[in-house]
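Worksheet: the structure to be examined is printed underneath.
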Amino acid sequence: MTKTAGGRTYGGLTAQDRASQRRESLVEAGFELFGALGYPNVSVKRICDFAGLTQRYFYESFDDRAALLGAVYTYCVDNARDATLTAAARVLDDADIGDGPIPGDLVPELASVTLRGFIDYLSADARRARIIMIEVVGVSPELEKLRLQAIHAWADLILSLATRDTEPTSDQRLASIGLVGALTQMLVDWQTAVAEPTEDGYDTDLFEIDAIHRVVTDMFIATYERSLAPE
């Protein structure tokens, strides 16, 4: 055991390192439990039992369950964004596109591959979609603000790909927000169909992932040609 600037070191880990590990374990537990059982059905005790930690350590990292849900939501959104950007980069790199405008004939491929990267990330594990699309909605004003910020960040990502180095107009910003909303609602319906249909006669076949990808890609291309393409 040696002294470090961050406090005592045990097994090569400082107190700050151990606190970070405990926080990560709680986020992993929150992902597993919120994603499988739903936020209202998971107590702090259940989270701590799953993570193998006492409640004292929960409150060391989070004020309450909603704060943990916010951290889990941010984790999922950040990873979804990484998957989306990776997919977009493949297309741009293959086409040897630098920072300039995207050729119009590349837009269909870019839209299709980029959206597939995002949709595949969510559909590969329904817990991700449940947390991002369902569980975080309406929990608290703070989480609603976080969710709205994420929606606008997705819209900004669309604009960064569509308008590149030009300043987007107000109409272009609204169009990008509308695209995010359309994709979100289709994925909410898909996740609901997978988990628990809310209506009698719910057409689960309608909200099929490949169909959602196909339709939303057409929407993105049409919106780009009508509203987002640089003049």
Looking at Ala15, Ala89 in this structure, which one is of a type in the set (Gly, Ala, Ser) and touching a strand residue (DSSP E or B) at 6+ places or on another chain (Cβ under 7 Å)?
Ala15
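Go through the residues of the stretch 163-178 one by one and say whether even a single one is assigned to a helix (DSSP H, G or I), without any contact (Cβ under 8 Å) to a residue 24 or more places away in the chain and within 21 Å of Val91 (Cβ to Cβ).
Looking for residues that are assigned to a helix (DSSP H, G or I), without any contact (Cβ under 8 Å) to a residue 24 or more places away in the chain and within 21 Å of Val91 (Cβ to Cβ), one finds none in the stretch 163-178, hence no.
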Tyr73, sole failed condition from (1) out of contact with any Leu (no Cβ under 6 Å at 6 or more places or on another chain); (2) over 25 Å from Arg147 (Cα atoms); (3) surrounded by 13 or more Cβ atoms within 10 Å (Cβ to Cβ):
(2)
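Results for (1) assigned by TED's automatic domain parsing to the domain that holds Gly35; (2) in a helix (DSSP H, G or I); (3) among the β-branched types (Val, Ile, Thr); (4) touching a Pro at 6+ places or on another chain (Cβ under 7 Å), shown as yes or no for each residue.
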{"position": "Asp99", "(1), (2), (3), (4)": "no, no, no, no"}
{"position": "Ile102", "(1), (2), (3), (4)": "no, no, yes, no"}
{"position": "Asp105", "(1), (2), (3), (4)": "no, yes, no, no"}
{"position": "Val113", "(1), (2), (3), (4)": "no, yes, yes, no"}
{"position": "Arg116", "(1), (2), (3), (4)": "no, yes, no, no"}
{"position": "Arg127", "(1), (2), (3), (4)": "no, yes, no, no"}
{"position": "Ile131", "(1), (2), (3), (4)": "no, yes, yes, no"}
{"position": "Ile134", "(1), (2), (3), (4)": "no, yes, yes, no"}
May I ask you to say which residue of Ala89, Ala83 is in a helix (DSSP H, G or I) and either in contact (Cβ under 8 Å) with a residue 40 or more places away in the chain or more than 14 Å from the chain's Cα centre (by Cα) (or both)?
Ala89
Do we have any residue at all in the stretch 191-212 that's crowded, with 20+ Cβ neighbours inside 10 Å and within 13 Å of the chain's Cα centre (by Cα)?
no
Run Ala162 past the list (1) within 18 Å of Asn79 (Cβ to Cβ); (2) at pLDDT below 90 and report the number of the one that doesn't hold.
(1)
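The values are calculated or read from the model by the stated rules, or taken from the named source; none is laboratory data. None of the values given here were measured: they were computed from a predicted structure. All Cβ positions, glycine included, derive from the backbone under ideal geometry; neighbour counts span all protein chains shown.
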